[in-house]
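Working notes, structure below.
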Amino acid sequence: MSELVRDPVTEAPNGASDAVSDVYVRISGLDKTYHSERGDVEALKAIDLDIRGGEFISILGPSGCGKSTLLKCIAGLEDLTAGAVDIRGRPVTAPPLDTGIVFQRDVLLDWRSVLDNVLLPIEFARLKTRNWREKALELLHLFELEAFADRFPWELSGGMRQRVAICRGLIRDPALLLMDEPFGALDAITRDELNLELERIWERTHKTIVFITHSIPEAVFLSSRVVVMSRNPGRIVEVLDIELDRPRALDIRETPAFTKYVRHIRETFEGLGIMKRGR
Amino acid sequence: MGFWSSKKGRVLNVVLVLIGFCLIWEAAVHVFAIKAFLLPPPSKVITDIVSQPLWYGMHTLVTLKETALGFALAVLVGLIMAIGIVFSRFVEQTLYTFLVAMNSIPKVAIAPLFIVWFGAGIEPKIAIAFLIAVFPIVIDTVLGLRSVEPDMLDLARSMRGSAMQTLWKIRFPTALPSMFAGMKVGISFAFIGSIVGEFVASQAGLGFVIDSAQPTFDTTRIFAAILLLAVVGTALFYVIELAERTFIPWHVSRRREGAPAPSH
């Protein structure tokens, strides 16, 4: 398991940029506008955000607030309209190396076994899969899936499939893991399970994780910081530090400190007119 | 699940219906004293095939060879064209339009031209079989290559996949179910194409058997050829279906059989 642990400080590039070594991703003045026949849509407007190395940061907002677009900008999958995204001080112009990505749909390849799905990024990087089998099995073991290594995705449940997708995202031991509503399609119980497992993995590895969600409790439960976004145009309205002890168990959600954070964010959304106040 | 819905039951069903059909046919010919040159009884048709198996076998093999070669060519060329259409806007706008225009011409109308160009051997039949079969294969392969989920393509890009890697590791396997749908139509079309070619000019093949039997009112021989056509055509279809089951066991429509249902 020790290979999974990586110290973000010693991993800083060549020691030259010590001043920014605690900032892993810097987003400055980012605009993203989509042009369509019906007119322009401002998906993201004036986004400024520093993501620190080793933090678990959630980007929380209603649908249409551009949170997935923001993630794709960090992943180098979108052209920026204005502003910049820098990773370790270098502008993102193509999908960055040392980055794993997990989507809401698991997008596993049905014709490959679980193990071969996890090894896909190795094949794409033209590395020898033989040398990475151990690592892949170790990751599957971490998610209690080693017995399913030779099975096929269509033989697995939704929660198991998403665990495989996370293993695939982690196979090259990336410093940065981008997760786009990874548990959004799962039932509540499976979602709780995976939240716990993800929290446990972050505890163990302290990877930088950017987690997109529209669930307030999920964001509070997992994160060190929560970025609250609003829509039309997509913008950041608040960045909240979550100072809850770790490791966190599910029953933390019933504690006053936890509910205080949830209420605070809910009130922020209500103030923006995104959520209606009940009577 | 009774016996009749089991696999054995279904096969037996088909066989019984076929036997019943032949018995009614046989009886009708005798009861109504229908002349053999109008409608021969099935017993006579089968006797004719059994009495000269090598002759019928040779002609069947010729038609089969024309169909198989035309179809194989259609799959190969169809795949290349589909890849071109999916990856190049220019090819899409030119080739695609040309294909649609080509397909709107009844192929029977081109058959005599092919005889002029390629002679009366098996080449023009292969060409016609190819020309008819290639259209559904291209259309369905293009559809399949385009049906990759956007997230899947984002994943490929995030792994810095080359166009070739994305094509062979992701797009092509994703397109297989759709390609097989096109190939099932294509194999039947190729079969029709080779018969059409044989009708226009030939010295061998089941189309030749029918064409040469017609002036002498040898209806028995015509029916024998039709029966063999039905058998070969059905067999070709199931060969593709078998290949489909072998190559794409993950295909949605097959998931119900054997695989455990995913539970959350």
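Here, each number is a calculation from the coordinates, and none is a lab measurement. All values reported here derive from a predicted model rather than from experimental measurement. Don't worry about glycine lacking a Cβ; one is built from the backbone with ideal geometry, like all the others, and counts go over all protein chains shown.
Brief remarks on what is shown
- Summing +1 for each Lys or Arg and -1 for each Asp or Glu among the other residues whose beta-carbon sits under 12 angstrom from that of residue A:125 gives +2.
- Listed peptides B:34-45, B:87-98 appear in the order B:34-45, B:87-98 once ranked by packing, highest mean of other Cβ atoms within 10 Å at the front.
- Viscosity 0.890 mPa s, 25 °C: Kirkwood-radius Stokes-Einstein D of the protein assembly as shown over Cα pairs, µm²/s: 87 µm²/s
- Shielding by other protein chains, A:75-81, mean Cβ within 10 Å: 2
- Each part gets one Cα centre, and for the range B:149-164 versus the range B:11-66 those centres are 56 Å apart.
- In this structure, the amide hydrogen of residue A:177, modeled 1.01 Å from its nitrogen in the peptide plane, lies closer than 5 angstrom to those of A:100, A:208, A:209, A:210, counting only residues at least 5 positions away or on a different chain.
- Table column - 3J(HN,Hα) (Hz), the range A:149-162, Karplus curve with 6.51, -1.76, 1.60, x for Gly and Pro: 3, 9, 7, 10, x, 6, 9, 10, 7, x, x, 5, 4, 5
- Expressed to the nearest 5 percent, the antiparallel share of DSSP beta bridges inside the protein assembly as shown is 55 percent.
- Taking every C-alpha pair closer than 8 Å and separated by at least 6 residues, the mean separation divided by the residue count of the range A:44-119 gives a relative contact order of 19 percent.
- Note, ³J(HN,Hα) from phi for the range A:132-141, Karplus 6.51, -1.76, 1.60, rounded to Hz, x at Gly and Pro: 10, 4, 4, 4, 5, 5, 4, 5, 4, 4
- The residue among A:274, A:118, A:209 whose Cα reaches farthest toward the positive pole of the charge dipole of the protein assembly as shown, with charges on the beta-carbon of Lys, Arg, Asp and Glu, is A:118.
- Amide H contacts of residue A:157 (H built 1.01 Å from N, in plane; Pro and chain starts excluded): B:263 sit under 5 Å, all sequence-distant by 5 or more or on other chains.
- Local electrostatic count, residue B:227, Cβ distance below 15 Å [Lys/Arg +1, Asp/Glu -1]: -1
- Value of relative contact order over chain B, rounded to a whole percent, pairs C-alpha under 8 Å and six or more apart: 24 percent
- Those lysines that a straight Cα-Cα span of less than 27 Å connects to residue B:44, excepting residues fewer than 8 apart in one chain: B:35
- Reach of residue A:207 by Cα under 21 Å, taken over lysines that are not fewer than 8 positions away in the same chain: A:67, A:72, A:135
- Net charge dipole, the protein assembly as shown: roughly 980 debye, given to the nearest 20, about the Cα centre with Cβ charges of +1 for Lys and Arg and -1 for Asp and Glu.
- About the Cα centre, charge dipole magnitude for chain A (Lys/Arg +1, Asp/Glu -1 at Cβ), debye: 420 debye
- Derived scalar couplings ³J(HN,Hα) [the range B:84-97; Karplus, 6.51 cos²θ - 1.76 cosθ + 1.60; whole Hz; x for Gly, Pro]: x, 5, 6, 9, 10, 4, 4, 4, 4, 5, 8, 4, 4, 4
- Averaged over the residues of B:149-156, the number of partner chain Cβ atoms lying within 10 Å of the residue Cβ comes to 6.
- Judged by the gyration tensor of its Cα atoms, with axes a ≥ b ≥ c, chain B is oblate; a/c meets the 1.5 cut and b/c is at least as large as a/b.
- Sites count as exposed loop sites when they are GluC sites (Glu not before Pro), lie in a DSSP loop, and have at most 10 other Cβ atoms within 10 angstrom; the longest stretch of chain A without one is A:38-242.
- Helix B:42-51 axis, angle to chain B major axis (alpha carbon atoms, nearest 10°): 80 degrees
- Within the shell of other residues whose beta carbon sits under 14 angstrom from the beta carbon of residue B:168, the net charge comes to +3, with Lys and Arg scored +1 and Asp and Glu -1.
- Ordering of A:229-235, A:84-90 by burial proxy (mean other Cβ atoms within 10 Å per residue, highest first): A:229-235, A:84-90
- Sum of -39500 (n - 2.57) over DSSP H runs of 4+, divided by residues of the protein assembly as shown (222 nm, nearest 500): -16000 deg cm²/dmol
- Look at the dipole of the protein assembly as shown built from charges on Cβ: of B:129, A:226, A:196, the Cα furthest out on the positive end belongs to B:129.
- Taking the longest Cα principal axis of chain A as reference, the axis of helix A:256-271 is set at about 50 degrees.
- Simple point charges give the picture: +1 on the Cβ of Lys and Arg, -1 on the Cβ of Asp and Glu, and for chain B a dipole about the Cα centre of about 620 debye.
- Dipole of the range A:108-173, positive end: most advanced residue of A:170, A:145, A:157 [Cβ charges, Cα centre]: A:170
- Overall form of the range A:110-253 per C-alpha gyration tensor (a/c, 1.5; a/b vs b/c): prolate
- Excluding same-chain neighbours fewer than eight residues apart, the aspartates and glutamates reachable from residue B:8 by a Cα-Cα span under 17 Å are B:257.
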